[in-house]
Amino acid sequence: MLGRTSRESPVHAALAAHQHGWSGVAVGSPVLSAVPDESVELLDLGSTEQTLATVADIDDLAAVVHLGHPEQPSPSLEQALLDGDPSLIVTAAVTVAPRWVWVSPRPGGGAGQVVVDEAGVRDCADVLRGMGVSPRLVPTATSLEERVALAGEHGSLVVEDTRVPAGWTAMAGSDRLGERGPVWYGLLESRADWPRFIDPAQVWLAFGPSADHRGSLRHTLSVIDDAGVDLQHLRSHPSAQGPHVFFTSFRCPSVDALDALVAELDARGVAHRTLAVLPGGHFEPGPDPLAPRWAGA
């Protein structure tokens, strides 16, 4: 079976699974899917925490999750994975072209509020605000009928193109909702070990230095550097167990390099979790770039 979180777009999650042949059902498994057609619908597993716990507890169940970007993971997903069962790992990353449209019940209408759910705000908020629109946020589970009622005669909706109410038409600027490019999704599984890989893969590794003292991070980063990996992402977060924890994402040349890296971390007493192994040497388009303005420039 395949599932998703309650806050995720059902259309985009199912599209990711269908286009890339994902399924939570192992070959030869007697387990049947809990939904009629996983190409158009995935099982709603609740909140992110509930989804992760359910995937860890039930055999033959995987989940489609929003990644942020393979090279720059979503902070909320990183933290949820590290808080979750140690068997949880993301094993694939794919893009889906956004299917969002901005529609109103009559041509040229839509002067009222714009009703949009959590996934739509995540993917479209910047574009909508750039057009002077202030979205009204509703839970993703809100039915289309409820959204239409909230929008009223003068309002509008941001929804997936397969869920446009009958008779509603696109607003001027609707085509701009795809400007930020494709959305990245990953396949979350419960496994005893990370997947084996020969060609390069993107790895998410969380670690906690064995001691919280000046230079402790530098010593751990030197282990990563000695392993010959290309560190692309580093983020710290306070830990309830003492020192900070650190989240990294890097391109790893082979599984042997990853095995050697974690063996060295073990030898140094550094706590760690491998949160994702995503096959692929390059992930295009890349993360949204910054245009920094440095002091004295």
Selection from the range 154-173 of residues that are in contact with a Lys or Arg (Cβ under 8 Å, 6 or more places away or on another chain) and open to solvent by 80 Å² or more (accessible area, probe 1.4 Å):
162
Residue satisfying condition, being in contact with a Pro (Cβ under 8 Å, 6 or more places away or on another chain) and charged (D, E, K, R), within set 78, 71, 145
71
Hey, can you tell me all the residues within the range 80-95 that are surrounded by fewer than 17 Cβ atoms within 10 Å (Cβ to Cβ) and part of a helix (DSSP H, G or I)?
83
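Given the options 144, 77, name the one that is among the aliphatic types (A, V, I, L, M) and either surrounded by 14 or more Cβ atoms within 10 Å (Cβ to Cβ) or touching a Phe, Trp or Tyr at 6+ places or on another chain (Cβ under 8 Å) (or both).
After ruling out the rest, the residue left standing is 77.
Could you please find all residues in the range 246-260 being in contact (Cβ under 8 Å) with a residue 40 or more places away in the chain and out of contact with any Ser or Thr (no Cβ under 9 Å at 6 or more places or on another chain)? Even if it seems obvious, please write down each step before you answer.
To start, the set of residues in the range 246-260 that are in contact (Cβ under 8 Å) with a residue 40 or more places away in the chain comprises 246-255, 258.
248, 249, 250, 251, 252, 253, 254, 255, listed by residue number.
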Which pairs do you get when a residue that is aromatic (Phe, Trp, Tyr), found in the range 267-286, comes within reach of a residue that is modelled with pLDDT of 90 or more, reach meaning Cβ atoms under 8 angstrom, with the pair 6+ apart or on two chains?
283/69; 283/70; 283/71; 283/93; 283/184; 283/202
Would you be able to say whether some residue in the range 178-199 is over 26 Å from residue 91 (Cα atoms), open to solvent by less than 50 Å² (accessible area, probe 1.4 Å) and among the hydroxyl-bearing types (Ser, Thr, Tyr)?
no
Which of (1) open to solvent by less than 20 Å² (accessible area, probe 1.4 Å); (2) at pLDDT 95 or above; (3) closer than 30 Å to residue 52 by Cα does residue 125 not meet, given it meets every other one?
(2)
Would you be able to say whether some residue in the range 111-121 is under 26 Å from residue 49 (Cβ atoms), assigned by the TED database to the domain that holds residue 152, open to solvent by 30 Å² or more (accessible area, probe 1.4 Å) and assigned to a strand (DSSP E or B)?
no
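Yes or no, residue by residue, for (1) surrounded by fewer than 19 Cβ atoms within 10 Å (Cβ to Cβ); (2) at pLDDT 90 or above; (3) over 22 Å from residue 191 (Cα atoms); (4) not assigned by the TED database to the domain that holds residue 188:
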| position | (1), (2), (3), (4) |
| --- | --- |
| 225 | yes, no, yes, yes |
| 228 | yes, no, yes, yes |
| 241 | yes, no, yes, yes |
| 247 | no, yes, no, yes |
| 253 | yes, yes, no, yes |
| 257 | yes, yes, no, yes |
| 285 | yes, no, yes, yes |
| 291 | yes, no, yes, yes |
| 296 | yes, no, yes, yes |
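Looking only at the range 148-177, count every residue that is touching a Pro at 6+ places or on another chain (Cβ under 6 Å) and more than 29 Å from residue 46 (Cβ to Cβ) and tell me the total.
To start, the set of residues in the range 148-177 that are touching a Pro at 6+ places or on another chain (Cβ under 6 Å) comprises 148, 168-169.
Adding the requirement that they be more than 29 Å from residue 46 (Cβ to Cβ) leaves 168-169.
Here the count works out to 2.
The values are calculated or read from the model by the stated rules, or taken from the named source; none is laboratory data. All figures in this text were calculated on a predicted structure; none of them were measured in a lab. So basically every Cβ, Gly included, is an ideal-geometry build from the backbone, and we count neighbours across all protein chains shown. Quick note on the areas: whole protein, heavy atoms, side chains included, nothing else; ligands and nucleic acids left out. Shrake-Rupley method; radii C 1.70, N 1.55, O 1.52, S 1.80 Å.
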